[in-house]
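Undergrad: Dropping a structure here in structure tokens format, bear with me for questions.
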Amino acid sequence: MRKFLLFAIVIALFAACTPKSNINGTITDAEGKTIYLEHTRLTATTLLDSAKLDAKGVFKFAVETPQYPDFYRIRLNNQFIVFALDSITKDINIVASANDLNQATIEGSEASVEIQRLRNSNFELQHAAIEGDTAKVAQMLIAHKRLGQEIVLANPRSAAAYYAINQTISGNYYMSPYEKGDLPFWNAVATAWDLHYPEYERSKELKQSVLLAIGQHRNSELSAQELVENVKEEGFIDIVLPNRLGEETKLSSYVGNVVLIDFSAYAMEQATAHTIFLRELYATYHELGLEIFQVSLDADKLLWLEQTRNIPWICVRDEASVQSVVLSTYNVCELPTFFLMDKEGNIIGRYNHENVEKEINRLTK
């Protein structure tokens with residue numbers, strides 16, 4: 001009996017220590033109806049719980065907090081509210097009307113908010129397609145893809161970025177790794193997930209998909225990395241883009257200096273902190289021979305002009321934004337990304353905020 005009690009206590013303590021994520025909310029106009037909480041895994045969707053709604057429509061669910069970012073949904077008849085959970089998401093609150101779950105508001109998970117935006121954009125696009133307005137569909141498709149691309153660039157390791165590249169319509173991907181312009185976004189997400197969640201099944205599948213796509217692209221042209229290898233004798237691939245005055249500015253013009261090549265965008269969520277970081281580097285090392293050659297991928301030219309008004313370093317802009325050929329040739333998969341060029345014009349490596357200053361300090365001595 002004592003052994004049984006001890007065993008029961010251990011089990012109870014273990015259950016109490018298992019981290020939980022709470023999904024709370026209200027769905028109005030659904031009295032007497034049952035909602036279902038489902039877990040959307042990579043290969044199957046499983047039912048986790050259900051609740052019958054009263055006149056107030058209040059519901060409460062609790063699930064074991066997932067180790068990796070994963071997807072869940074609340075189902076009411078044939079409508080769904082899709083959201084994401086990860087190891088740090090503890091509470092999500094959802095408010096909606098049964099008349100249109102697409103208009104639900106979600107709090108507690110930024111990734112889930114972005115997923116909701118993508119789903120609403122997708123629904124609007126499909127509705128326009130049903131109406132047969134081809135011109136409108138074409139415009140909306142561009143806008144929808146741009147939304148997905150912006151989400152990927154903002155945080156490629158997020159659940160929203162994963163969701164963005166995996167959206168389909170009639171079985172076809174909005175962004176396909178087999179399309180040259182879309183591959184960098186798949187590659188960005190695959191690289192980020194492989195780095196942060198290497199043992200996760202979703203990461204492994206992403207990596208395999210991207211490797212297969214790269215293999216197909218290599219049959220018809222050089223990969224970005226091969227292109228970089230082929231120009232190593234010259235030291236670097238030149239970049240020629242307009243500055244804020246519209247003047248064509250060449251990276252090669254700055255050979256003789258230590259050059260920090262910065263691929264970034266002022267529309268990034270972390271843009272302010274990134275700019276402060278660059279200012280500190282420039283103030284410390286410019287007199288020792290450092291130049292910063294910033295390549296902006298901002299789609300919004302007015303934003304770029306406003307944000308670069310008072311910066312002391314060189315900043316050029318590629319109006320192709322995330323479709324930039326420069327991104328592909330330098331194999332840039334996430335923003336910001338740094339490269340360092342020594343005084344002889346050799347690209348010596350790829351860096352990040354944590355390790356670039358040490359190398360700048362070495363090169364400028």
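Undergrad: For region 98-136, name all the residues that are of a type in the set (D, E, K, R) and either surrounded by 13 or more Cβ atoms within 10 Å (Cβ to Cβ) or not in a helix (DSSP H, G or I) (or both).
TA: Across region 98-136, the qualifying residues are D100, E107, E110, E114, R117, R119, E124, D133, K136.
Undergrad: What about E179, is it among the acidic types (D, E) and under 19 Å from the mean Cα position of the chain (by Cα)?
TA: yes
Undergrad: Quick check on region 322-355: of everything there that is hydroxyl-bearing (S, T, Y) and out of contact with any helix residue (DSSP H, G or I) (no Cβ under 8 Å at 6 or more places or on another chain), which residue is surrounded by the most Cβ atoms within 10 Å (Cβ to Cβ)?
TA: In this case the residue turns out to be S324.
Undergrad: Tell me which residues, restricted to region 253-278, are small (G, A, S) and either within 13 Å of V326 (Cα to Cα) or in contact with a strand residue (DSSP E or B) (Cβ under 8 Å, 6 or more places away or on another chain) (or both).
TA: S264, A265, A271
Undergrad: Could you list, ordered by first residue, the pairs with Cβ atoms under 6 Å in which the first is in region 102-120 and at positive phi and the second is modelled with pLDDT of 95 or more and not aliphatic (A, V, I, L, M), at least 6 apart or interchain?
TA: Final answer for the pair search is G108/N93.
Yes/no matrix, rows are residues, columns are (1) of a type in the set (G, A, S); (2) in contact with an Asp or Glu (Cβ under 9 Å, 6 or more places away or on another chain); (3) part of a helix (DSSP H, G or I):
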{"site": "I261", "(1), (2), (3)": "no, no, no"}
{"site": "E269", "(1), (2), (3)": "no, no, no"}
{"site": "H274", "(1), (2), (3)": "no, yes, yes"}
{"site": "L278", "(1), (2), (3)": "no, yes, yes"}
{"site": "A283", "(1), (2), (3)": "yes, no, yes"}
{"site": "H286", "(1), (2), (3)": "no, no, yes"}
{"site": "E291", "(1), (2), (3)": "no, no, no"}
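Undergrad: Right, K232: touching a His at 6+ places or on another chain (Cβ under 8 Å), outside any strand (DSSP E or B) and at pLDDT below 90 or not?
TA: Taking the combined requirement at face value, the residue does not satisfy it.
The rows are residues; the columns are (1) among the polar types (S, T, N, Q); (2) modelled with pLDDT under 95.
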| position | (1), (2) |
| --- | --- |
| M1 | no, yes |
| F7 | no, yes |
| A15 | no, yes |
| T18 | yes, yes |
| H39 | no, no |
| L42 | no, yes |
| L48 | no, no |
| K52 | no, no |
| P66 | no, yes |
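Undergrad: Regarding L147, is this residue surrounded by fewer than 20 Cβ atoms within 10 Å (Cβ to Cβ), at pLDDT 90 or above and touching a Leu at 6+ places or on another chain (Cβ under 9 Å)?
TA: Yes.
Undergrad: I'm checking my understanding of the structure. Among residues of region 245-272 that are surrounded by fewer than 17 Cβ atoms within 10 Å (Cβ to Cβ) and charged (D, E, K, R), which one is farthest from E306 (Cα to Cα)?
TA: K250
Undergrad: Let me ask something additional. Would region 175-186 turn up any residue that is crowded, with 24+ Cβ neighbours inside 10 Å, at pLDDT 90 or above and either in contact with a strand residue (DSSP E or B) (Cβ under 6 Å, 6 or more places away or on another chain) or part of a loop (DSSP other than H, G, I, E, B) (or both)?
TA: No: region 175-186 contains no residue that is crowded, with 24+ Cβ neighbours inside 10 Å, at pLDDT 90 or above and either in contact with a strand residue (DSSP E or B) (Cβ under 6 Å, 6 or more places away or on another chain) or part of a loop (DSSP other than H, G, I, E, B) (or both).
Undergrad: Considering only residues that are touching a residue at least 12 places away in the same chain (Cβ under 8 Å) and among the charged types (D, E, K, R), which ones fall in region 335-364?
TA: Hits for region 335-364 are D342, K343, E344, R350, E357, E359.
Undergrad: Among the residues of region 58-97, how many are among the small types (G, A, S), farther than 14 Å from I115 by Cβ and part of a strand (DSSP E or B)?
TA: Residues in region 58-97 being among the small types (G, A, S), farther than 14 Å from I115 by Cβ and part of a strand (DSSP E or B): 3 in total.
Undergrad: If the Cβ limit is 7 Å and pairs must be 6+ apart or interchain, which residue in region 257-268 that is over 14 Å from M341 (Cα atoms) pairs with which residue that is among the hydroxyl-bearing types (S, T, Y)?
TA: Hits for this filter: S264/S296; A265/S296; Y266/S296.
The values are calculated or read from the model by the stated rules, or taken from the named source; none is laboratory data. Everything numeric here is computed off the predicted structure, so don't read it as measured data. For neighbour counting, all protein chains shown are included, and Cβ atoms are generated from backbone atoms with ideal geometry for every residue, glycine included.
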